[in-house]
Amino acid sequence: MPRPRPPTRCKLVWFVPEDALDATRDAVFAAGAGRIGDYARCSWYAAGTGTFLGGESTAPAVGERGREERVAELRVETVVPADRLAAVVAALRAAHPYEEPAYDIYPLLDV
């Protein structure tokens with residue numbers, strides 16, 4: 001069985017309210033994410049519910065601090081070249097409406 005090589009791509013997943021979907025997608029794509037072969041702006045998203053309880057020092061974009069909130073959000077996924085990851089995450093954070101956006105990064109193995 002072939003050994004996996006070090007990842008050259010990652011999957012970036014983030015959670016965002018629907019009205020900020022296009023702004024965050026545009027930002028990560030402009031920074032170098034979303035290419036698969038000859039295809040550009042590749043992503044996947046699905047609806048869900050995010051929950052949070054902001055502490056006293058927070059300023060939530062949605063809801064109130066000190067109260068548990070439930071917010072309709074989209075889970076968005078796209079691929080990112082490993083060498084563009086820092087720039088793509090910075091672009092996501094700049095375009096995202098939340099003061100602390102939630103995102104995950106998964107290394108993708110090439111076999």
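The values are calculated or read from the model by the stated rules, or taken from the named source; none is laboratory data. This structure is a prediction, so every number in the text was calculated from the model and none was measured. Virtual Cβ from ideal backbone geometry, glycine too; neighbours counted across all protein chains shown.
A few comments on the model shown:
- Tally of residues being among the polar types (S, T, N, Q) and in a helix (DSSP H, G or I) across the stretch 1-45: 1
- Residue that is farthest from Ile36 (Cα to Cα), among those in the stretch 72-85 that are among the acidic types (Asp, Glu) and not in a helix (DSSP H, G or I): Glu73
One line per residue, one yes/no per condition, for (1) over 17 Å from His96 (Cα atoms); (2) modelled with pLDDT of 95 or more; (3) in contact with a Leu (Cβ under 8 Å, 6 or more places away or on another chain); (4) among the charged types (D, E, K, R):
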position	(1), (2), (3), (4)
Asp38	yes, yes, no, yes
Tyr45	no, yes, yes, no
Thr58	no, no, no, no
Leu85	no, yes, yes, no
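- Where a residue in the stretch 14-27 is among the polar types (S, T, N, Q) and its partner, wherever it lies, is assigned to a loop (DSSP other than H, G, I, E, B) and at pLDDT 95 or above, with Cβ under 7 Å and at least six apart: Thr24/His96
- Annotation: Gly54 fulfils all but one of (1) in contact (Cβ under 8 Å) with a residue 60 or more places away in the chain; (2) of a type outside the set (A, V, I, L, M, F, W, C); (3) farther than 30 Å from Arg5 by Cα; (4) surrounded by 15 or more Cβ atoms within 10 Å (Cβ to Cβ); the unmet one is (1).
- Thr49, sole failed condition from (1) surrounded by fewer than 16 Cβ atoms within 10 Å (Cβ to Cβ); (2) modelled with pLDDT under 95: (2)
A quick yes/no check of all residues on (1) under 14 Å from Ala23 (Cα atoms); (2) out of contact with any helix residue (DSSP H, G or I) (no Cβ under 7 Å at 6 or more places or on another chain); (3) at pLDDT below 95:
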position: Glu69; (1), (2), (3): no, yes, yes
position: Glu77; (1), (2), (3): no, yes, no
position: Val80; (1), (2), (3): no, no, no
position: Ala90; (1), (2), (3): yes, yes, no
position: Ala95; (1), (2), (3): yes, no, no
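- Inter-residue pairs, beta-carbon under 7 Å, first part of a helix (DSSP H, G or I) and in the stretch 86-97, second of a type in the set (S, T, N, Q), 6+ apart: Leu92/Thr24; Ala95/Thr24
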